[in-house]
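The structure under discussion appears below in the form of structure tokens.
The values are calculated or read from the model by the stated rules, or taken from the named source; none is laboratory data. Quick caveat: nothing in here was measured; it's all calculated off a predicted structure. Here the Cβ positions follow ideal geometry from the backbone for every residue, glycine too, while neighbour counts run over all protein chains shown.
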Amino acid sequence: MINEWLRGGKSKVELSEAYGVSRKTVYKWLARFEQDGRAGLADQNQAPHSSPQAIDEKTAAEIIAERQKYPTYGARKIRLRLQRSQPQRRWPAASSIGELLKREGLVHPRQKRRKTPPYSQPLAHATAPNQVWSVDFKGWFHCGDGERCDPLTVSDAFSRYLLRCRATDKSDGVHVRAVMEAVFREYGLPEAIRTDNGAPFASRAPGGLSRLSMWWLRLGIRQERIEPGRPQQNGRHERLHRTLKQETAQPPAANRRKQQEAFVRFEQSYNHERPHEALEGKTPADLYTGSANKYPARLPELEYPAGVHLRRISQQGSLKWKMERTFLSEVLARETVGLLETEEEFFEVYYGPLLIGWLDGRSHVFEPERPRPRRR
């Protein structure tokens with residue numbers, strides 16, 4: 001087009017018609033060629049040369065100085081301080097201040113916190129004893145001598161029977177298992193145990209598994225977990241905690257031994273003497289009976305249906321499939337998982353009855369959350 005214009009054969013209107021472009025486009029390219037020659041025909045940066053929102057050097061220096069003076073303040077708080085000190089000035093938006101602080105290396109992105117995988121199944125409604133037990137720590141406090149007390153409570157959701165209230169040395173899986181084993185031996189096994197999402201009941205491992213919940217699964221007990229921040233989903237147990245605190249820890253006993261004696265007296269009173277309006281004036285002992293499912297002498301192995309590929313997890317927490325290793329979790333070390341093929345080289349991964357994730361056998365990628373469907 002430019003060559004034809006230079007030869008003088010056609011007008012600008014004729015050029016626009018010949019090349020199927022607007023006259024404005026013809027004027028633009030001819031002007032760029034006349035100003036810069038062939039270099040003017042190259043692609044140019046379309047970004048604006050100036051921005052009315054740009055922060056000038058003086059303002060930027062004041063913002064940076066404020067951040068250095070208060071290194072824990074964010075962009076909003078810095079803007080508020082500057083507005084209070086100089087209200088007559090027009091300060092940049094908090095988002096612009098935040099971008100400036102990032103460019104200057106004065107803020108660092110917050111690391112994404114790994115959370116316990118959510119429990120997606122509906123919570124069971126207890127209509128008989130031992131269908132659902134609730135297990136939780138009441139919340140630690142200091143005894144009169146300053147020693148820490150961590151009360152672990154276990155109750156039956158249907159009858160409200162307090163199966164155990166024990167002050168443990170530590171709130172970890174080892175000590176909880178010791179208490180739970182004594183409860184199982186005395187009362188038998190429940191169908192399900194309801195807990196929150198904290199340790200030692202759950203972890204960030206696939207399926208929210210912890211060593212404690214894996215033991216429950218081996219015993220045939222289903223674990224239910226309430227939603228984070230929703231204690232009302234375990235409201236009966238929370239109400240028990242409030243009564244326990246009022247009657248045994250206000251004020252606390254002189255030492256932990258005395259405090260445990262108070263817990264034992266409370267168990268007797270709560271179960272056999274205290275009538276409950278929700279139970280039509282009956283006591284928990286009037287409704288509770290032990291489970292017919294007794295605690296086994298030997299821990300059973302997990303059962304998997306026919307057609308499932310069984311794989312033993314390594315000490316480092318990885319699964320081997322077709323000579324390739326895929327990391328799952330260290331919590332599963334030395335455990336056996338089952339792979340159920342749902343489509344070619346794509347598997348659901350189970351720990352006993354619990355679905356804990358999905359494995360792509362081609363890419364050897366494990367996903368604890370359901371991945372998008374494959375493209376066909």
How many of the residues making up segment 169-186 are in contact (Cβ under 8 Å) with a residue 24 or more places away in the chain and either in contact with an Asp or Glu (Cβ under 7 Å, 6 or more places away or on another chain) or under 18 Å from residue 127 (Cα atoms) (or both)?
-> 1
Applying the selection to segment 249-282, what residues are out of contact with any Asp or Glu (no Cβ under 6 Å at 6 or more places or on another chain), within 21 Å of residue 147 (Cα to Cα) and among the charged types (D, E, K, R)?
-> 257, 258, 261, 265
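Going by the conditions given, is residue 149 modelled with pLDDT under 95, touching a strand residue (DSSP E or B) at 6+ places or on another chain (Cβ under 7 Å), buried (at least 18 other Cβ atoms within 10 Å of the Cβ) and under 19 Å from residue 267 (Cα atoms)?
Details: modelled with pLDDT under 95: yes; touching a strand residue (DSSP E or B) at 6+ places or on another chain (Cβ under 7 Å): yes; buried (at least 18 other Cβ atoms within 10 Å of the Cβ): yes; under 19 Å from residue 267 (Cα atoms): yes.
Against the criterion (modelled with pLDDT under 95, touching a strand residue (DSSP E or B) at 6+ places or on another chain (Cβ under 7 Å), buried (at least 18 other Cβ atoms within 10 Å of the Cβ) and under 19 Å from residue 267 (Cα atoms)), residue 149 qualifies.
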Given the structure, is residue 326 of a type in the set (S, T, N, Q), within 27 Å of the chain's Cα centre (by Cα) and either loosely packed, with under 15 Cβ neighbours inside 10 Å or in a strand (DSSP E or B) (or both)?
-> yes
Give segment 306-322 a look and list any residue that's touching a residue at least 24 places away in the same chain (Cβ under 8 Å), in a loop (DSSP other than H, G, I, E, B) and surrounded by fewer than 15 Cβ atoms within 10 Å (Cβ to Cβ), or say none.
-> 307, 322
Considering each of 335, 303 in turn, give the residue that is within 27 Å of the chain's Cα centre (by Cα), more than 30 Å from residue 162 (Cα to Cα) and among the charged types (D, E, K, R).
-> 335
Residue under evaluation residue 283, criteria (1) in contact (Cβ under 8 Å) with a residue 12 or more places away in the chain; (2) within 36 Å of the chain's Cα centre (by Cα), criterion not met | (2)
Among the residues of segment 259-275, is any buried (at least 17 other Cβ atoms within 10 Å of the Cβ), outside the structural domain of residue 336 (by TED's automatic domain parsing) and in contact with a Gly (Cβ under 7 Å, 6 or more places away or on another chain)?
-> no
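Let's see how each residue does on (1) touching a Leu at 6+ places or on another chain (Cβ under 6 Å); (2) under 30 Å from residue 281 (Cβ atoms):
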site: 128; (1), (2): no, yes
site: 136; (1), (2): no, yes
site: 141; (1), (2): no, no
site: 146; (1), (2): no, no
site: 155; (1), (2): yes, yes
site: 159; (1), (2): yes, yes
site: 173; (1), (2): yes, no
site: 180; (1), (2): no, no
site: 183; (1), (2): yes, yes
